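Student: Here you go, one structure.
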Amino acid sequence: MKEKKTVPADVGKAFLLEVIQRHAARTEEAVLLDLESALSDNDPLLLEVLKYSLLKGGKRLRPVLAILSSRVCGRDDDNLYLLAATFEYLHAGSLIHDDVIDHAENRRGKESVVKKYGMAAAILAGDWLHARCMHLIGTLAGQQGLDIVCNATQSMVDGEFLQLRYAANSAVTEEQYRSVVLRKTARLMSATCEIGALYGHANPTQQSALARYGEKIGIAFQIVDDLLDYLGDEQATGKVVGNDFIEGKMTLPLIHALAHASDAERAELITAVEHTPRDSDGCARARQLMRAAESFAFSRQRACQEIEEGLAALSCFAHKEHQESLAVLEQLAGYILRRDR
């Protein structure tokens, strides 16, 4: 039986941030070099839009996961940071397209690409990022890497369709929510770790372990994201609090409250969810009912459980080299639970 690991205490925050910033900085250097090289003969507006979307902030979580997954398996070279950049390309491209679909005016505290440059430029820039990502992964991680990331991106699309199908549906279950999260968020994080492991010449056990770790922290990441939509600080998150509720997204706190509230409160919640327009006042009342049903505490406990299962998957690295990378992977899992944006 595998030893159960607990979520790391926040004792290494300075160490964790220093390592993340170091890897993120090297990834950003790789992004700039690649953009300048790949776009030397292209219209300058494309380069401007791409730099705006890629260099305006963000957690750089996916690139760092790819780097750490390769390093913990024993490989670290300059091309690793270009490989890591591909996951930022894919993530940024997906966010640009999300903002087009949602008609979003802001992203990360700034104007969204679609707001600043228009719909045509946004769609085309997102297309370029996806195409460049696939080209580089095929070049650096081969057909197997390309298969992994293509499966993950297909799942992302399926997850978005499922989320649309479940919108404003008060009958959605936790299992159905989990199926959305797995497709929309977790499989890409899993792919990020697995391709990093593949690049690092991992053995099958290591590759599978890192894929599972990525999936589990991906689920936890989305649950925390859904909590922040109700409980976050808009200045910190750069997002409007309650936006998921207004858009009719059925996330875990709301699903739990619908299942555990009193009959009268459940009826009130159903009315708030299913009748439009959903507004900030309705969201505030829904938040009160979710708190009364202890839905926020329940959701955080679920995220903790996912993190613990992800950490348990790393047990096969206990006696390997590159202990720094293993320690950062463990601390990163704890950071996901404590993040405020």
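The values are calculated or read from the model by the stated rules, or taken from the named source; none is laboratory data. These numbers were taken from a predicted model, which means no experiment stands behind them. Reconstructed Cβ throughout: ideal geometry from the backbone, glycine too, with neighbour counts over all protein chains shown.
Student: Provide a single number: the residues in the range 260-317 that are surrounded by fewer than 16 Cβ atoms within 10 Å (Cβ to Cβ), polar (S, T, N, Q) and part of a helix (DSSP H, G or I).
Tutor: 6
Student: Would you please name the residue that is modelled with the highest pLDDT, looking only at residues in the range 212-240 that are in a loop (DSSP other than H, G, I, E, B) and buried (at least 19 other Cβ atoms within 10 Å of the Cβ)? If you could, list the steps in order and put the result at the bottom.
Tutor: The first filter runs over the range 212-240 and keeps only residues in a loop (DSSP other than H, G, I, E, B), leaving 232-233, 238-240.
The next check asks that each one be buried (at least 19 other Cβ atoms within 10 Å of the Cβ); those that pass are 232, 239.
On the way: Gly232: 85, Lys239: 69.
Within the range 212-240, the match that is modelled with the highest pLDDT is Gly232.
Student: Which ones in the range 72-89 are surrounded by 22 or more Cβ atoms within 10 Å (Cβ to Cβ) and closer than 28 Å to Phe317 by Cα?
Tutor: Initial filter on the range 72-89 (surrounded by 22 or more Cβ atoms within 10 Å (Cβ to Cβ)): 72-73, 80-81, 83-89.
The answer is Val72, Cys73, Leu80, Tyr81, Leu83, Ala84, Ala85, Thr86, Phe87, Glu88.
Student: Next question. Which of the residues spanning the range 132-175 are crowded, with 16+ Cβ neighbours inside 10 Å, under 13 Å from Thr251 (Cα atoms) and without any contact (Cβ under 8 Å) to a residue 24 or more places away in the chain?
Tutor: Across the range 132-175, the qualifying residue is only Leu162.
Student: How many residues, within the range 102-119, are in contact (Cβ under 8 Å) with a residue 24 or more places away in the chain and not in a strand (DSSP E or B)? Explain how you work it out, then say what you get.
Tutor: As a first pass, look at the range 102-119 and keep what is in contact (Cβ under 8 Å) with a residue 24 or more places away in the chain: 102, 106-110, 113, 116-117.
Filter once more, keeping what is not in a strand (DSSP E or B): 102, 108-109, 113, 116-117.
Of the residues in that region, 6 qualify.
Student: Looking at Lys59, is it among the basic types (Lys, Arg), touching a helix residue (DSSP H, G or I) at 6+ places or on another chain (Cβ under 9 Å) and modelled with pLDDT under 95?
Tutor: Working: among the basic types (Lys, Arg): yes; touching a helix residue (DSSP H, G or I) at 6+ places or on another chain (Cβ under 9 Å): yes; modelled with pLDDT under 95: yes.
Taking the combined requirement at face value, the residue satisfies it.
Student: Please find, among Leu65, Leu61, the residue that is in contact (Cβ under 8 Å) with a residue 60 or more places away in the chain and surrounded by 24 or more Cβ atoms within 10 Å (Cβ to Cβ). Walk me through how you get there before you give the answer.
Tutor: Details: Leu61 fails: surrounded by 24 or more Cβ atoms within 10 Å (Cβ to Cβ).
Of the residues listed, the single one that is in contact (Cβ under 8 Å) with a residue 60 or more places away in the chain and surrounded by 24 or more Cβ atoms within 10 Å (Cβ to Cβ) is Leu65.
Student: Among the residues of the range 14-32 satisfying the criterion of being over 12 Å from Pro63 (Cα atoms) and without any contact (Cβ under 8 Å) to a residue 24 or more places away in the chain, which is surrounded by the fewest Cβ atoms within 10 Å (Cβ to Cβ)? Break it down into steps so the answer makes sense when it comes.
Tutor: Step one: list which residues in the range 14-32 are over 12 Å from Pro63 (Cα atoms), which gives 14-19, 29, 32.
Narrowing further to those that are without any contact (Cβ under 8 Å) to a residue 24 or more places away in the chain: 14, 17-18, 32.
Values: Ala14: 8, Leu17: 12, Glu18: 12, Leu32: 14.
Out of the qualifying residues, it is Ala14.
Student: Go through (1) farther than 27 Å from Val157 by Cα; (2) touching a residue at least 40 places away in the same chain (Cβ under 8 Å); (3) hydroxyl-bearing (Ser, Thr, Tyr) and name the single condition Thr271 misses.
Tutor: The single condition Thr271 does not satisfy is (2).
Student: Take the residues in the range 318-341 that are over 23 Å from Ala24 (Cα atoms) and touching a Leu at 6+ places or on another chain (Cβ under 9 Å), then tell me which one is surrounded by the fewest Cβ atoms within 10 Å (Cβ to Cβ).
Tutor: Applying the first criterion (over 23 Å from Ala24 (Cα atoms)) to the range 318-341 yields 318-320.
With the extra rule that they be touching a Leu at 6+ places or on another chain (Cβ under 9 Å), the set shrinks to 318, 320.
Values: Ala318: 9, Lys320: 13.
Step by step, filter the range 318-341, then rank; the result is Ala318.
Student: Considering only residues that are assigned to a helix (DSSP H, G or I) and hydrophobic (A, V, I, L, M, F, W, C), look in the range 187-208 and name the one that is nearest to Gln154 (Cα to Cα).
Tutor: Keep residues of the range 187-208 that are assigned to a helix (DSSP H, G or I), which gives 187-199, 204-208.
Subsequent filtering for residues that are hydrophobic (A, V, I, L, M, F, W, C) retains 188-189, 191, 193, 195, 197-198.
On the way: Leu188: 10, Met189: 14, Ala191: 12, Cys193: 17, Ile195: 16, Ala197: 21, Leu198: 20 Å.
Per the stated criteria, the residue is Leu188.
Student: When the range 262-299 is examined, which residues are found to be of a type in the set (Gly, Ala, Ser) and either within 18 Å of Val240 (Cα to Cα) or in contact with an Asp or Glu (Cβ under 8 Å, 6 or more places away or on another chain) (or both)?
Tutor: Step one: filter the range 262-299 for residues of a type in the set (Gly, Ala, Ser), giving 262, 264, 267, 272, 280, 282, 284, 286, 292-293, 295, 297, 299.
Passing the criteria: Ser280, Gly282, Ala284, Ala286, Ala292, Ala293, Ser299.
Student: With of a type outside the set (Phe, Trp, Tyr), within 25 Å of the chain's Cα centre (by Cα) and closer than 23 Å to Gly218 by Cα as the only criterion, which of Arg287, Arg300 stands out?
Tutor: On inspection, the qualifying residue turns out to be Arg300.
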